[in-house]
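In what follows, a single structure is set out as structure tokens and then discussed.
The values are calculated or read from the model by the stated rules, or taken from the named source; none is laboratory data. None of these values were measured; they are calculated from a predicted model. Virtual Cβ from ideal backbone geometry, glycine too; neighbours counted across all protein chains shown. What goes into the accessible areas is simple: the full protein's heavy atoms, side chains included, and nothing from ligands, DNA or RNA. Shrake-Rupley method; radii C 1.70, N 1.55, O 1.52, S 1.80 Å.
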Amino acid sequence: MTPFAKRVRDSAATLGEEKLISRIRVWLGAAAPRPPAGPGDDCAVVRVRGCTHLVVTTDPVVLGRHFDESTPPATVARKLLRRNLSDIAAMGGTPQFATLGWTVPERTRLGWLEAFHRALGRDALRYGVTINGGDISGGSDLAAHMTLFGTSNRRPLLRTGARIGDWIYVTGELGGSIFGRHAEFEPRLREGRWLAARKDVHCLIDVSDGIAKEVGLITPTGLRPSIRPESIPVSAAARRLSKRDGRSAIEHSLTDGEDFELLFASAPGVPSNRLEREWAKRFRTRLTRIGCFVSLDHPAGGGLDMSGLSGFEHLRKAPRG
């Protein structure tokens, strides 16, 4: 379903902001509390009980960047929520409530907006999230911006904290997200909370822009990642994409982005592989040790050279897989 209507009577222009907000409350269903906790006032008033840390993230979906006119509105809604959930997972948090801001061209189809919000309401309830308010503005570009709030009674896992000798792990499989996984994926919330509870896990980040970029963000000054190329969990989608465009499957797995897996550093296991064995008892999600952090003068020893690789960089025009 294209987001844009051919007839004015089918478009957002027939309602205006206040009536559209009223419709959105209906479409979101039980995921939208009544004011003042839900949409309808200047601010949402939300109580957070038993909370040690409040963790907050924001991410958009923009037509022409994150989806196109052929993308089903329900898929767009799930992508918006889950890319924000992935950030909460990377902090070891539990999602709680969100606000939603829209830029809506006048010719936006009401049926598209309804399908989006009904799907968002269903997915929000699945993850225990309420939609507590937001804003709508007219504009030339269709875009939805979500701010998601989560809580954590544990230490929030940061991008910093890795140490020399730490093992580097990644969940799931990587690359080829363009074939659908970028929009339909399961945020690693349970896994993130479990990792945050472990003292041997030193840092954590979600893989949104490709691990060639993300691993650099968790690498301490004076160290470098020593990664074994054969250890990279290359997805079947990355291999399929490699056959189509000629780039290697491993390059796709390192640079494509939008995998929304977790990348983290952990102290070497004592006894060896303790974390991996305990992980296997709790999760079906694949976990792969891909390398470790070493000093800058450490011999390369057949490790992966990522000096010419980078993940997705926003505001640059470099091609993306």
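Ordered from highest to lowest accessible area with the whole protein assembly present and a 1.4 Å probe, 306, 146, 1 read as 1, 306, 146.
If you bin all the Cα-Cα distances of the chain at 10 Å, starting from zero, the percentages per bin are 6, 25, 30, 23, 12, 4, 0.
Just to be sure I follow: if Rg is taken over the C-alpha atoms of the range 58-213 and Rh is the Kirkwood radius over the same atoms, what is Rg/Rh? That ratio is 1.00, to two decimals. Normalised by the number of residues in the chain, the mean separation of alpha-carbon contacts (under 8 Å, six or more apart) gives a relative contact order of 21 percent.
Largest accessible area first, the residues 141, 59 order themselves as 141, 59 under a 1.4 Å probe with ligands, DNA and RNA left out. Assign one of three labels to the range 1-110, namely rounded, prolate or oblate, based on the Cα gyration tensor with a ≥ b ≥ c the square roots of its eigenvalues; rounded applies when a/c is under 1.5, prolate when it is not and a/b is larger than b/c, and oblate otherwise. Taking the square roots of the gyration eigenvalues as a ≥ b ≥ c, the range 1-110 is oblate. The calculated FRET efficiency for the pair residue 276 and residue 305, based on their C-beta separation and a Förster distance of 25 Å, comes to about 0.45. Taking 15 Å as the cut-off, the amide N atoms of the range 233-276 that come nearer than this to a point 7 Å along the Cα-to-beta-carbon line of residue 65 belong to 258.
A 1.4 Å probe run over the protein chains yields, for the range 155-260, 40 Å² of accessible area per residue, whole-number rounding. Per the 1.4 Å probe, what fraction of the accessible area of the chain, in percent, lies on carbon and sulfur atoms? So the carbon and sulfur contribution to the accessible surface is 50 percent. Once the chain from residue 52 to residue 217 is taken as fully extended at 0.36 nm per residue, the excess over their C-alpha distance is 56.8 nm.
The calculated 222 nm mean residue ellipticity attributable to helices in the chain amounts to -8500 deg cm²/dmol, summing -39500 (n - 2.57) over DSSP H runs of n ≥ 4 and dividing by all residues.
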